[in-house]
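See structure below.
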Amino acid sequence: MSHATTTDVQDRRPETSPEPRKDGLSSRSLPRWAPLGFAALGIALGVGISLAAGWHSRVQWGLISALLFLAISYVATTVVENQRQAKDRLATSIVWVCFLVAVVPLASLLWTTISRGSERLDGYFLSHSMAGVLGSEASGGVYHALIGTLEQVGIATVISAPLGLLTAVYLVEYGKGTLAKAVTFFVDVMTGIPSIVAGLFILSIMLIGSIEPSGLMGALALTILMIPVVVRSTEEMLKLVPNELREASLALGIPKWRTILKVVLPTAIGGITTGVMLAIARIAGETAPIILLVFGSQLINSNPFEGAQSSLPFYIYEQYKIGEAASYDRAWAAALVLIAFVMILNLVARGIARWKAPKTGR
């Protein structure tokens, strides 16, 4: 009897629907395409306001459009969602605007160089020098400057890579005390040294020793600029090698030098190679040391140890200084060759880094 009564009472209880949670977050949200819509609206309003005000600078159009985009994103997100999401979207929008501000000049420079340099770039341009060619003539090429760049950068790499690698190994594996701190300090100082200072240093040695200009002198100045970059990048890569690998090797009775040679360096070889490639790309476009130490030449000089040479940066400066329409075309074409050279080095570095990267899977 009591059981039936209890059941009846339970059945007679009114059914209550669960109350919605009040966690302070709005359930409404903007669609995924909302940022694109805000950007389009900001651009349209920015261009319209600029034209109405009589402003014809595209930089002004871009700045006004960016500010309107940020304002529209924040206000619309505050109204539809909440202020917390609006702040998050505002921070994200600022990151995107800063990214575009950095990329647009680079893309414009790359597009201008490709469009103007491709008109003159061909097989003839890459296989001929400027010997006997006047600045106003449309003939001539960049072969002598390309040879000079390859030789000077190659010599600098042969000198800088071993020195930088050994210095980094000393700082990470052996360096302690005053000497290591001094080496680290001077490496940091050399990282920010202007290229003209490196050129003047080698020039003073040339004047003291009565040494004639040559590609080797320019390569020595480039070496001064390249060594700190190699040291810094290699040092950071060696620090990323887990200490457990060193300890395991030493626990087996293997000498420290052999541990470094067989365990540490192979583990970090991908990052070390990437650092060397980036250092090469950094010195490939230097002009000031080459002007001081190599002097430039219109002829093909394949001997970097004797006589003046040219290089791609010097060739660009030289052709631009002539001031003729044909020389401008050659300068743009040489700039495109230099950009392609640096880009190929970066792609090779990324490929080697990915190839030599430690495998994470079993």
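The values are calculated or read from the model by the stated rules, or taken from the named source; none is laboratory data. Since this is a predicted model, take the numbers as computed values, not measurements. We place every Cβ from the backbone using ideal geometry, glycine too, and count neighbours over all the protein chains shown.
Take the residues in segment 183-235 that are among the polar types (S, T, N, Q) and farther than 21 Å from residue 161 by Cα, then tell me which one is surrounded by the most Cβ atoms within 10 Å (Cβ to Cβ). Walk me through how you get there before you give the answer.
Taking segment 183-235 and keeping what is among the polar types (S, T, N, Q), we get 184, 191, 195, 204, 210, 214, 223, 233-234.
In the following step, the residues that additionally are farther than 21 Å from residue 161 by Cα were identified as 204, 210, 214.
Values: 204: 10, 210: 6, 214: 22.
The qualifying residue surrounded by the most Cβ atoms within 10 Å (Cβ to Cβ) is 214.
Annotation for segment 138-147: at least one member residue is of a type in the set (A, V, I, L, M), assigned by TED's automatic domain parsing to the domain that holds residue 301, surrounded by 15 or more Cβ atoms within 10 Å (Cβ to Cβ) and out of contact with any Phe, Trp or Tyr (no Cβ under 9 Å at 6 or more places or on another chain).
Is it the case that residue 278 is assigned to a helix (DSSP H, G or I), more than 24 Å from residue 348 (Cα to Cα), among the hydrophobic types (A, V, I, L, M, F, W, C) and in contact (Cβ under 8 Å) with a residue 12 or more places away in the chain? Step through it out loud before you land on a result.
On the way: assigned to a helix (DSSP H, G or I): yes; more than 24 Å from residue 348 (Cα to Cα): no; among the hydrophobic types (A, V, I, L, M, F, W, C): yes; in contact (Cβ under 8 Å) with a residue 12 or more places away in the chain: yes.
Here the answer is no, as residue 278 does not meet what is asked.
None of 184, 178, 234, 191 is in the same structural domain as residue 303 (by TED's automatic domain parsing) and touching a Pro at 6+ places or on another chain (Cβ under 7 Å) except 191. Within segment 117-158, being β-branched (Val, Ile, Thr) and under 16 Å from residue 315 (Cβ atoms) holds for 133, 142, 147, 149, 153. Evaluated against (1) over 21 Å from residue 307 (Cα atoms); (2) free of Cβ contacts under 8 Å to residues at least 24 places away in the same chain, residue 209 falls short on exactly one condition, (1).
Within segment 293-341, the set of residues being under 27 Å from the mean Cα position of the chain (by Cα) and within 14 Å of residue 222 (Cβ to Cβ) comprises 311, 312, 313, 314.
Only one of these is free of Cβ contacts under 8 Å to residues at least 12 places away in the same chain, over 23 Å from the mean Cα position of the chain (by Cα) and over 25 Å from residue 319 (Cα atoms): 179, 171. Name it. Quick ask: steps written out before the conclusion?
Numbers: 171 fails: free of Cβ contacts under 8 Å to residues at least 12 places away in the same chain.
Selected residue: 179, the only one of 179, 171 that is free of Cβ contacts under 8 Å to residues at least 12 places away in the same chain, over 23 Å from the mean Cα position of the chain (by Cα) and over 25 Å from residue 319 (Cα atoms).
Given the condition within 16 Å of residue 30 (Cα to Cα), surrounded by 16 or more Cβ atoms within 10 Å (Cβ to Cβ) and among the small types (Gly, Ala, Ser), answer yes or no: does some residue in segment 75-88 qualify? Among the residues of segment 75-88, at least one is within 16 Å of residue 30 (Cα to Cα), surrounded by 16 or more Cβ atoms within 10 Å (Cβ to Cβ) and among the small types (Gly, Ala, Ser), which makes the answer yes.
A single member of 180, 107 is of a type in the set (A, V, I, L, M, F, W, C) and either surrounded by 21 or more Cβ atoms within 10 Å (Cβ to Cβ) or within 27 Å of residue 240 (Cβ to Cβ) (or both), and it is 180.
Checked against (1) crowded, with 18+ Cβ neighbours inside 10 Å; (2) not in a helix (DSSP H, G or I), residue 300 meets all criteria but (1). For segment 253-297, the tally of residues that are polar (S, T, N, Q) and surrounded by 20 or more Cβ atoms within 10 Å (Cβ to Cβ) stands at 3.
Here is a check on your reading of the model: is residue 160 in contact (Cβ under 8 Å) with a residue 12 or more places away in the chain, surrounded by fewer than 16 Cβ atoms within 10 Å (Cβ to Cβ) and not hydrophobic (A, V, I, L, M, F, W, C)?
Values: in contact (Cβ under 8 Å) with a residue 12 or more places away in the chain: yes; surrounded by fewer than 16 Cβ atoms within 10 Å (Cβ to Cβ): no; not hydrophobic (A, V, I, L, M, F, W, C): yes.
No, not satisfied.
Note on segment 110-124: residues that are closer than 30 Å to residue 68 by Cβ and surrounded by 11 or more Cβ atoms within 10 Å (Cβ to Cβ) total 2.
For the subset of segment 129-142 comprising residues that are more than 27 Å from the chain's Cα centre (by Cα) and within 18 Å of residue 335 (Cβ to Cβ), which member is modelled with the lowest pLDDT? Among those residues, the one meeting the criterion is 135.
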